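For reference, the structure discussed in these notes is given below.
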Amino acid sequence: MEEVHGHTTYKSDAFLHSNGPSSSTLQTELLDLSVLQETCQDLKVFTQSHPDFEKLNGVWQTLHINTPLAITRPTTTKEISSIIKFCSSRKPQIQISVRSGGHDPWNRSNLTDTLVVDVRDINHINLSSDKTSAVIGGGVMGGPLAARLEEHGLVATMGGCHSVGYTGWSTGGGYGSLNGAFGMGCDQILSARMILANGKIVDADEEMLWALRGGGCGWGVVYEMQIRVYRLEKLLAGMIVYPIEEVERILGEYQEVLDQEYPDEYGGEVMFGPFPGVGRVVCFLFMWAGIDIERGMKFADKIRGLGSPLIDTIAETTLTAWSEAGKSFAPYGLKSTMRSHLLPDRITPDLVTTLLPHINNTFLSPTAMTVVLFHPAHGRATKPALSSSFAKRTSHIMVEAIGATFSDDATEVTAVEEWANSVADDLEKAGVIDIGGYIALTEPGEGVAEKCFGTSWQKLKTFKNEIDPEWLFGNGVFGVGKWR
């Protein structure tokens, strides 16, 4: 086995156990954490008065700022077990939030009045001797994982954002441009080591693995997972950008291309919105994840042939380089509203007609980001090799409407929020959406879990109440409402 710590961890020179808050401070500051510190003397704990607390509490979404009771940064299963036992033994118990990348649109990874288990220091990446799998820590991010695997000519299925935590992304389903070639993110999970609500350290059995593959990670704390990796030294990727004025014709002809040939290797996502220096555009985020680069180039020519591109960056590259290029699309610090739906796998005239007014009304403000994104799921994404709770296994498109801004101006914050909501609401009113939903990007509410989990719902509900009867992990991305 080879080991690397592929993520640069945040180092503080004032941890609780060194020259951080004194024991008396710990006992008086909202919560008596001295008991926990006595159990784990090396555990890094950051209370609200710690000078690094605000930085460590930072997340992608800043529309709502949460203030947890404290943040813990464990590195071992024993430390995590001790944290869990400490929280469950309090009267009343202290609920736990678990975080890594902090990309949840509703900030459920650092909720107010919870104790945060921040797993970002658990970032090991161990390749198997045959290089067909890797054991990764619960805090590994997509970018460092891609970079580590690239050293060996390997890739893993992952999303398009380098700073998203792999565990949360994959266990929730895991959409990305490699889905067609290799399957959904949840299909990559071979095994997992977890710490449950009773503090026990366990290797996930088949029932737990079924729940993890699509049902999220709200069953405990995932210390590490074994995932599939694939030999792919080079791929084709890049952007093909057309002016928005051509969108109706281009999308119609694009569907004709897919009707004739829709290779599993093709992972083309489509974005509609403003592009710096160009204006409003339709942007094909082209990905060809196959060893036959020549065939990929021929397929790229079909996308180029839809019109006269304003920008064309398709070239032979690596997953790491493509991930780095995507940084600008998901910066931290946004005040963001995100809505999503599942669509059938065909881009119909009714769909285009519904979206067109919103696409033509995206914000051109330098501080705003209003975009619609199509994430296709086809090919291997519809043919899971392992037992999985992920519900949607027919070809489809997951559509996101994102209204975000860096501005503190209340008018702009409200305007981008209303824009994203109007896109999602109009898609529903037009009757163009498909059955189901993507729980990670669906706003919490009545009936949401049942809608998103579909036929897996009842089994997940029963399992949750068996594995975490007191709902110690009741606030995670997948703790939507009470499943009792």
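The values are calculated or read from the model by the stated rules, or taken from the named source; none is laboratory data. Small disclaimer: the values here were computed from a predicted structure and weren't measured. Quick reminder, even Gly has a Cβ in these numbers, built from the backbone with ideal geometry, and neighbours come from all protein chains shown. Keep in mind that these areas ignore ligands, DNA and RNA; they rest on the heavy atoms of the full protein, side chains included. Shrake-Rupley method; radii C 1.70, N 1.55, O 1.52, S 1.80 Å.
Which condition number in (1) out of contact with any strand residue (DSSP E or B) (no Cβ under 7 Å at 6 or more places or on another chain); (2) on the phi > 0 side of the Ramachandran plot; (3) of a type in the set (D, E, K, R) is the one that Lys131 fails?
Failed condition: (1).
Residue under question is Glu233, and the condition is that it be open to solvent by 40 Å² or more (accessible area, probe 1.4 Å) and closer than 30 Å to Ile314 by Cα; does it hold?
Considered against the rule, which asks whether it is open to solvent by 40 Å² or more (accessible area, probe 1.4 Å) and closer than 30 Å to Ile314 by Cα, Glu233 comes out as yes.
Does any residue of the range 292-315 turn out to be acidic (Asp, Glu) and touching a helix residue (DSSP H, G or I) at 6+ places or on another chain (Cβ under 7 Å)?
yes
So which of Ser129, Ser89 ends up being open to solvent by 10 Å² or more (accessible area, probe 1.4 Å), out of contact with any Pro (no Cβ under 8 Å at 6 or more places or on another chain), of a type in the set (Gly, Ala, Ser) and without any contact (Cβ under 8 Å) to a residue 24 or more places away in the chain?
Ser89
Starting from residues that are among the small types (Gly, Ala, Ser) and not in a helix (DSSP H, G or I), keep the ones in the range 166-192 and report whichever is most open to solvent (accessible area, probe 1.4 Å).
Filtering first and then ranking leaves Ser191.
Quickly run through the range 198-217 and pick out the residues that are open to solvent by 20 Å² or more (accessible area, probe 1.4 Å) and closer than 17 Å to Gln458 by Cβ.
Listed by number, the residues that qualify are Glu207, Trp210.
Working carefully through the options Glu269, Glu261, find the one that is touching a Ser or Thr at 6+ places or on another chain (Cβ under 7 Å), touching a residue at least 12 places away in the same chain (Cβ under 8 Å) and open to solvent by 10 Å² or more (accessible area, probe 1.4 Å).
Only one candidate qualifies: Glu269.
Taking Gly159, is it under 30 Å from Thr414 (Cα atoms) and open to solvent by less than 30 Å² (accessible area, probe 1.4 Å)?
yes
Give me the pairs, please: first residue somewhere in the range 39-55 and under 11 Å from Pro74 (Cα atoms), second residue anywhere and in a helix (DSSP H, G or I) and hydroxyl-bearing (Ser, Thr, Tyr), beta-carbon distance under 7 Å, and either six or more positions apart or on two chains.
Cys40/Ser82
Among the candidates Ser365, Ser323, Ser340, single out the residue that is of a type in the set (Gly, Ala, Ser) and open to solvent by 30 Å² or more (accessible area, probe 1.4 Å).
Ser365
Does Asp468 meet the test of being in contact (Cβ under 8 Å) with a residue 40 or more places away in the chain, over 28 Å from Phe272 (Cβ atoms) and more than 23 Å from the chain's Cα centre (by Cα)?
So Asp468 passes the test.
In the range 391-471, which helices (runs of 4 or more DSSP H) lie fully inside it and hold 1 or more residues that are open to solvent by 40 Å² or more (accessible area, probe 1.4 Å) and touching a helix residue (DSSP H, G or I) at 6+ places or on another chain (Cβ under 7 Å)?
410-429, 448-453
Residues Phe284, Phe275: which one is in contact with a helix residue (DSSP H, G or I) (Cβ under 8 Å, 6 or more places away or on another chain) and closer than 20 Å to His375 by Cβ?
Phe284
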